[in-house]
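Each remark here refers to the structure printed beneath this line.
The values are calculated or read from the model by the stated rules, or taken from the named source; none is laboratory data. Not measured: the values here are computed from a predicted model. Note: ideal-geometry Cβ built from the backbone for every residue, glycine included; neighbour counts use all protein chains shown.
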Amino acid sequence: MMVNTKRKVPMRKCVATGEMKPKKELVRIVRSKEGEVSVDLTGKKSGRGAYLSKDKEAILLAKKKNILANHLEVSIDESLYDELLGLVEKENGSAK
């Protein structure tokens, strides 16, 4: 029996802040081969992925600096940021 039960936490880098965080604390945005961009809550969709902190500031920074568009090499629709912000507010329980 193994004594070391502590599992390795998968770390990912937030494209907006550059911080390394556990994968669970980030949300994955994925661009499919067809160029469709979506929020990947399962983290398993195929395509080019970018991770963002589940953090309002990180999302707004990514939006302001067009970080996702540059990272995924595709234009990002305004509605995607709205979806991300909605997701973060739900996660943090700060539904206004």
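Residues in segment 26-76 that are in a loop (DSSP other than H, G, I, E, B), surrounded by 15 or more Cβ atoms within 10 Å (Cβ to Cβ) and more than 10 Å from the chain's Cα centre (by Cα): how many? Quick ask: steps written out before the conclusion?
Narrowing segment 26-76 to residues in a loop (DSSP other than H, G, I, E, B): 32-36, 41-47, 54-55, 66, 73-76.
Checking the rest, the ones that are also surrounded by 15 or more Cβ atoms within 10 Å (Cβ to Cβ) come to 43, 45, 47, 54-55, 74, 76.
Still in the running and more than 10 Å from the chain's Cα centre (by Cα): 45, 47, 74, 76.
The number of residues fulfilling the criteria is 4.
On the given criteria, is Gly18 modelled with pLDDT of 95 or more, in a strand (DSSP E or B), surrounded by fewer than 19 Cβ atoms within 10 Å (Cβ to Cβ) and of a type in the set (Gly, Ala, Ser)?
Working: modelled with pLDDT of 95 or more: yes; in a strand (DSSP E or B): no; surrounded by fewer than 19 Cβ atoms within 10 Å (Cβ to Cβ): yes; of a type in the set (Gly, Ala, Ser): yes.
No; evaluated as a whole, the condition is false for this residue.
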